[in-house]
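The structure appears below as structure tokens.
Read-outs throughout are calculated quantities, based only on the coordinates presented, and are distinct from any laboratory measurement. Computed from a predicted model, the values in this text were never measured in an experiment. Cβ coordinates were reconstructed from backbone atoms using ideal geometry, including for glycine residues, and neighbour counts include every protein chain displayed.
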Amino acid sequence: MGAVILAAGAATRMGCIKQLLVFRGRTLVEGAILQAQEAGFAPVVVVLGARADEVRLAVARTTAEWVVNQNWTSGMGSSIKAGIEKIPADVDGVAVLLADQPFVTAEHLQAMVRVFRSPILAARYAGTLGVPALFGRAVFARLRALPDEAGARALLRGSVVEVAPFDLPEAATDIDTPGEFAAIIDG
């Protein structure tokens, strides 16, 4: 199973490129890559967009692959599609991950893979389904058909494809503002 790490956003609420914030000795994007690789995902593809050259330097310190989404401003769906296009045809599924969920660990991801049976397995936290999420190859066409401005939420919360939940409260922590980052540093 491969992994697509979404790291294309401009982080306007953060006021700086959050993918490069340092947490526990590494950038957030490097941390996400490390967790995906330790979980056994291959390949690990990082989708770049805003300030791609700067984020690429952090990715280059790893063995992850990367792709630049030239249409990153159009929305998360365009980034998902750009990442999916880099997944080889012989890979049976993909995990969609975010660069800014620092408490999602390799152990969490491995546990998700162990129970993955349906077309989609999504993290359940804060009363909703979200990423990380695992998608079987059977739903890749649906991922490619997402509107550019929509993330995977349309598939995770729709009724077209069966989605199995995986309780993962740690995924509720994502970093969007300086206050949220300060809270994890101080916590």
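Observations, loosely collected:
- Peptides 75-84, 114-123 ranked from most to least packed give 75-84, 114-123, packing being the mean of other C-beta atoms within 10 angstrom over each peptide's residues.
- Computed from the Kirkwood radius of its Cα pairs, the Stokes-Einstein diffusion coefficient for the chain at 10 °C and 1.306 mPa s stands at 98 µm²/s.
- Near Trp66: Cβ cut-off under 10 Å, other residues only, Lys/Arg at +1 and Asp/Glu at -1. The net charge is +1.
- Extension gain from Ala10 to Arg26, taking 0.36 nm per residue of separation minus the Cα-Cα distance: 3.8 nm
- Isotropically averaged projected area of the stretch 17-96, using the convex hull of Cα atoms (one quarter of hull area), nm²: 5.3
- The packing ranking of peptides 127-135, 57-65, highest mean first, is 127-135, 57-65, where packing means the average number of other beta carbon atoms within 10 angstrom of each residue.
- Reported value for the stretch 63-169: 116 Å³ per residue, from the convex hull of its C-alpha atoms.
- Of the peptides 4-13, 17-26, the ranking by mean beta-carbon count within 10 Å, highest at the top, reads 4-13, 17-26.
- Full-stretch length increase - Arg137, Val161 - with 0.36 nm per residue and alpha-carbon distance subtracted: 7.4 nm
- Charged neighbours of Gln101, selected by a Cβ distance under 9 Å, balance to -3 (K, R count +1; D, E count -1).
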